[in-house]
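First comes the structure, then the notes that go with it.
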Amino acid sequence: MDAQASRYPSIADYALISDCHCAALISKAGSVDWCCMPRFDADSCFGRLLDWDKGGFCAIAPVAETKETKRRYVDGTMVLETCFRTADGEARLYDFFAMDSDVKDPTHPEHVRLIEGISGCIEFHAEISPRFDFGEIVPHVREHGEGIYSAIGSNVGLVIRANTRFDVMRDRGLSTVVAVKAGERVRISICFTPPEQIDDNPAILQPDGDRVDTAFDRTCAWWREWMSRITLPQGPDEHTVRSAIVLKSLSFERTGAIVAAPTTSLPESMGAERNWDYRFSWVRDSVFTVRALYELGCEREADRFLKFVQRSSAGSAVEMQIMYAVDGKRRLTEVELHWLEGYGGSRPVRIGNFASEQTQLDIYGEILEMAWEGHAKGREIDTQYWNFLSDVVNMTAVKWKEKDHGIWEFRDEPRHFVHSKVMCWSALDRGIRLAQENRLPAPLDNWAEARDAVRAAIEREGYDSKRGVFVQAFENQYLDAALLLLPRTGFVDYNDPRMVRTTDAIHQQLNRNGLLDRYDSPDGLPGNEGAFVPCTFWLVRCLAYQGKTDMAWDYYRQALGCANELGLFSEEYDAARGRMLGNFPQALTHVSQITARLALEKAKV
């Protein structure tokens, strides 16, 4: 590792906090190296995760050498607790975004950092060095009275309150050294505030007493109340509970959107260009998420995401695209931020995502799969909802013959991906069955004809009769881990000999150090990515339902080993080097962990 890359902590070194609107990543050393407020997809205000010199940070760490550092989440919450032990004593650092009853519209999201002495007396160095607009703007920092500061630049403002005095450092921010004895608390809050409010509303710059302490209690209570809704068929399971809380953390409460990850441009291949912005809501990934939460008893998230998709697509399949901004915005123009060096020197850093303009036919099937699951649980399909669903099915009946870019969003030429075709079949099949069982108006003959034509095309051109396996796409012989998802639609049974052979071929040929690659085909991009952790969990599900439970558990434990000590997963993993790759934490990995664990439990019955 060169000197440039060695400055960056490993991705696994980070922890997530969130208020279901924005998020921050905090290193084991106590540094906030990534934070976007007031939304997941806003410009970063602390961003040295993507440029160690320019990005900005908020660091709190003991001055003396740290003998031991331990972290955990306070039980049932997204409140992070980091314990530091030095030769002089021990102290805790709590990090959280304050939550309250008005979580749907927090106009001033607030990151609280609370140092609590446990024993002895420890000196902490605290430095707050914000950089706005992804490191381009060094804000103007001012003191407004004892313990009250502001940082202003462009259209962003932060109000910083503390019960200790900071020095204002020109072009750097705020800095202080404070001694914390047993039983003492140092309170620091960083609150997003539009700059015009800082100038025009003096009340914003008033002391707030011990409000931070009550915010801690309210935040813990909010998360625990939400967690109490989770029902686990197998009983308490810390990995599944943590995954569910992470998924909730990645939801945008105001609209019901769910982001794929709270970060952009963490590399899938170190030093290469496989760096993408995941701070948006993919229809496919979000459906995976709400279905998993639905199985855990969290029905509200499913209902709200469905309404988000309908609103964002103007209630029309023609207007539906594969992803949206968290507020439903459609234009997600991809831009390269040339002034940032990227994580570990991995350029370019991108914001926006070109894949939003792609055709990915599988999203039609995902929308109907979610509707079918809701129907199976007794959800009523009203006229407005059915108009939207039937529009999606009609679109599928027309477009299924087209090529697309597939679930992996290939950036080269489109293909006839088998997974996409099967999801088209699923959209048509579910549409027919919903219409029949609910006596809803539909062109059933047309849909049935299209459904049968899709199946015939898949079995003719998407199946290699010589090897007896399904393949990635028509007219090629490559394998693809997305084929492991075919049985969930009912297109083929888990124990169908074709599916058993396909599963065997995938785990034999796509296995790398106990984890699965996504595919073995060229993808038109330089560099070699890591193993794709969700795919390993998909394999677990197939093996469990095929009765190969010992092998399923072996792969499950291997995949669990890709999480950090807090139970957080990235998208990919380099098993040879033991390091996470890709955006973090990744919703799809946490979703896949939940569904794999549920499959293992069902396989016991």
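Counting only aspartates and glutamates at least 8 places from LYS377 when in the same chain, those with an alpha carbon closer than 13 Å to its own are GLU295, GLU299, ASP303, GLU369.
On full extension, the segment bounded by ASP523 and ALA272 gains 89.0 nm, given 0.36 nm per residue less the C-alpha separation. Listed cross-link partners LYS401/LYS604; LYS28/LYS548; LYS403/LYS548; LYS466/LYS548; LYS54/LYS181; LYS307/LYS399 are compared with a 30 Å cut-off, the Cα-Cα value being larger for LYS401/LYS604; LYS28/LYS548; LYS403/LYS548; LYS54/LYS181. The heavy atoms of GLU136 present about 100 square angstrom of accessible area, all protein chains included, probe 1.4 Å. Positive end of the dipole of the chain (Cβ unit charges, origin at the Cα centre): among GLY567, PHE96, PRO526, the Cα lying farthest that way belongs to GLY567. For segment 156-197, the alpha carbon positions stretch 40, 21, 10 Å along the principal axes, listed from largest to smallest.
Among the GluC sites (Glu not before Pro) found in segment 486-575, those both in a DSSP coil and sparsely packed, with 14 or fewer other Cβ atoms within 10 Å of their Cβ, are GLU565. Annotation: for a label point projected 7 angstrom from Cα along Cα→Cβ of LYS54, no residues of segment 22-42 have a backbone N closer than 16 Å.
As a length-normalised measure over Cα pairs under 8 Å and 6 or more apart, the relative contact order of segment 266-418 settles at 23 percent. Site pair ARG92 and HIS108 shows an inter-label distance of 2.7 nm when each label is modelled 7 Å from Cα along Cα→Cβ. Sorted into 10 angstrom bins from 0, the C-alpha pair distances of segment 158-291 split as 8, 22, 28, 29, 12, 1 percent. Note that segment 285-401 presents 37 Å² accessible area per residue, ligands and nucleic acids not counted, probe 1.4 Å.
Across segment 46-194, C-alpha contacts under 8 Å between residues 6 or more apart give a mean separation that, scaled by the residue count, equals a relative contact order of 24 percent. Note on ARG165 and GLU336: the extension gain reaches 57.7 nm, defined as 0.36 nm multiplied by sequence separation minus the Cα-Cα distance. With R₀ fixed at 35 Å, the C-beta to C-beta distance from TYR478 to GLU565 puts the FRET efficiency at about 0.45.
Measuring nothing but how far apart in sequence close Cα pairs (under 8 Å, 6+ apart) lie, relative to its length, the chain scores a relative contact order of 12 percent. Rounded to the nearest 0.05, the FRET efficiency derived from the C-beta distance between ALA376 and THR69 at R0 = 45 Å is 0.45. The heavy atoms of MET551 offer some 70 square angstrom of accessible surface to a 1.4 angstrom probe. What net charge is computed for the residues neighbouring ALA15, neighbours being all others with C-beta under 9 Å from the C-beta of ALA15, Lys and Arg scored +1, Asp and Glu -1? Combined, the nearby Lys, Arg, Asp and Glu give 0. Residue-normalised convex hull volume from the C-alpha trace of segment 503-548: 71 Å³ per residue. Full extension of the chain between ARG218 and THR383 gives 55.4 nm of extra length, using 0.36 nm per residue less the Cα-Cα distance.
Each of LYS466 and PHE354 was given a label point 7 Å from its Cα along the Cα-to-Cβ line. The distance between the two points is 3.5 nm.
Kirkwood Rh and Cα-based Rg: tell me the resulting Rg over Rh for segment 301-396, rounded to two decimals. So for segment 301-396, dividing Rg by the Kirkwood Rh gives 1.11. For the chain, the longest piece that avoids every one of the chymotrypsin sites (Phe, Trp or Tyr not before Pro) found in DSSP loops with at most 15 other C-beta atoms within 10 Å covers 1-338. Here each label is just a point 7 Å from Cα along the line to Cβ, and for ARG211 and ASP237 those points are 4.2 nm apart. Only protein atoms count toward the accessible area here, which uses a 1.4 Å probe; on the chain, the carbon and sulfur part of that area reaches 46 percent. Of the DSSP H helices in the chain, those with a Cα length along their own long axis of 15 Å or more and a mean Kyte-Doolittle hydropathy reaching 1.0 comprise 533-545.
In this structure, ASP445 and HIS144 have a Cβ-Cβ separation that, at R0 = 45 Å, corresponds to a calculated FRET efficiency of about 0.05. Across all directions, the shadow cast by the convex hull of segment 378-509 built on its C-alpha atoms averages 9.0 square nanometres. Based on the Stokes-Einstein relation at 10 °C and a viscosity of 1.306 mPa s, and on the Kirkwood radius from alpha carbon pairs, segment 218-300 is assigned a translational diffusion coefficient of 111 µm²/s.
The values are calculated or read from the model by the stated rules, or taken from the named source; none is laboratory data. Predicted model only: the values in this text are computed from it and were never measured. Neighbour counts run over all protein chains shown; Cβ positions are idealised from the backbone, glycine included. For accessibility, only protein heavy atoms count, side chains too; no ligands or nucleic acids. Shrake-Rupley method; radii C 1.70, N 1.55, O 1.52, S 1.80 Å.
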